[in-house]
1. How much length is gained on full extension from His261 to Glu89, taking 0.36 nm per residue of separation minus their Cα-Cα distance?
2. Over the chain, what is the percentage of antiparallel beta bridges among all DSSP beta bridges, to the nearest 5?
3. Per 20 Å bin, what is the whole-percent P(r) computed from every C-alpha pair distance within the chain?
4. Calculated FRET efficiency, Ser18 and Asp212, Cβ-Cβ r, R0 22 Å, to nearest 0.05?
5. Take the alpha carbon atoms of region 226-248, find their center, do the same for region 37-70, and report the distance between the two centers in whole angstrom.
6. Taking 2.2 N^0.38 Å as the expected size of a compact globular protein, what ratio does the Cα radius of gyration of region 1-90 give against it, to two decimals?
7. Mind listing which GluC sites (Glu not before Pro) in region 77-145 are in a DSSP loop and have 13 or fewer other Cβ atoms within 10 Å?
8. When only Cα pairs under 8 Å and 6 or more residues apart are kept, what is the percent relative contact order across the chain?
Amino acid sequence: MKHVTEFRDPVLAKALLSEIARLTDRIRATRENPVHIMEVCGGHTHAIFRFGLDKLVHDGIEFIHGPGCPVCVLPMARVDECIEIAEREGVIFTTFGDAMRVPGTRGSLLQAKARGADIRMVYSPLDALEIARRNPDREVVFFGLGFETTTPSTAFAIQAASTEGVANFSVFCNHITVPEPIRALLNDPHMKLDGFIGPGHVSMVIGTHPYDFIAQEFGKPIVVAGFEPIDLLQSVAMVLRQIAEARAEVENQYARVVPEHGNPASLAAISDVYTRRPSFEWRGLGEIDASGLRIRPAYAAFDAEEKFGVGYAIATRPVPEPEGCACGAVMTGRIKPVACPQYGKGCTPEMPLGALMVSSEGACAAYWQYGGARGAAA
């Protein structure tokens, strides 16, 4: 397959839908007793709704929307700390656009910018490094946010700053990892999960073996998937086939992009620049052991936590969610977005209460944009 249209071929889609229906009947899943498949990544959630896959598959399949949206799982306390840094004199604070409108207790970064803070949207940490080169009299901070997909680019920027001696550049590191929250969900006795669709872009970096524990320890199938409709339908069929054959394995549907052992250059940069935190706070999940990264002491000069005395460099307390906000329950798959009492009322894309309505990978944003759920909120 060379062209995107091939990944959206209706003939292929119909064949896969027929196979999915056959396998769903084989395992005797029904609307009343469905098979629960979690798509970990918010990008997959948006693709499912954009292409109407939730309505096309057998009604014995229920998609559970997982915590694979780094902006969505960002605790409010981290947003507050971003604003605290950004409002300091002489600071230029840089961030990806998705994080600009995530609300904290003092508003969002966009609102802080309106109050006068010098906050700039960038497309890469290397853009932030270039701003630091051009403004040697200012402290330039990059908001390092994301899963293993974006972690290497931040590491490369820190390595470049160190090599060049760009002393006015630092990173507020909030990079997190995917396997650990999956383990936390599997250890939750209230969660019913029968299989997983794994995030393909994360596995471009880490490969497929970090998910071995899902199959080996918990006996659940996982298929690393691409992001086009044919990718997702094929991945659902692969999960169902494992269940039908009483197998639990890590399979790679996205083999055209994902190498089994990941990307060596990216993994080397991650290992050089970062170390694991003992734990990290996730919105809706609380503290999860070894789920976050921090900058190694060798690169402490580029660690904004240490430079500005914020985040885990000091004792921080969790900030409670706004009253009535159900982001945590939605993000862990306990409820659908439309079940949140604030959905479409106190929380809309124009005036978001929670991060899931803001992010381009948020489940609430997917429901709002593609799910036809605005009427359900009325």
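The values are calculated or read from the model by the stated rules, or taken from the named source; none is laboratory data. Note that the structure is predicted; figures quoted are calculated from it, not measured. Methodologically, a virtual Cβ is constructed for each residue, glycine included, from the backbone with ideal geometry; neighbour enumeration extends over all protein chains shown. Just the protein is used for accessible areas: all its heavy atoms, side chains included, with ligands, DNA and RNA removed. Shrake-Rupley method; radii C 1.70, N 1.55, O 1.52, S 1.80 Å.
1. 57.5 nm
2. So the antiparallel bridges amount to about 20 percent of the total.
3. 29, 57, 15, 0
4. E(calc), rounded to 0.05, equals 0.10.
5. Between the Cα centres of region 226-248 and region 37-70 lies a distance of 13 Å.
6. In units of the globular-protein estimate, region 1-90 measures up at 1.61.
7. Glu89
8. Rounded, it is 21 percent for the chain.
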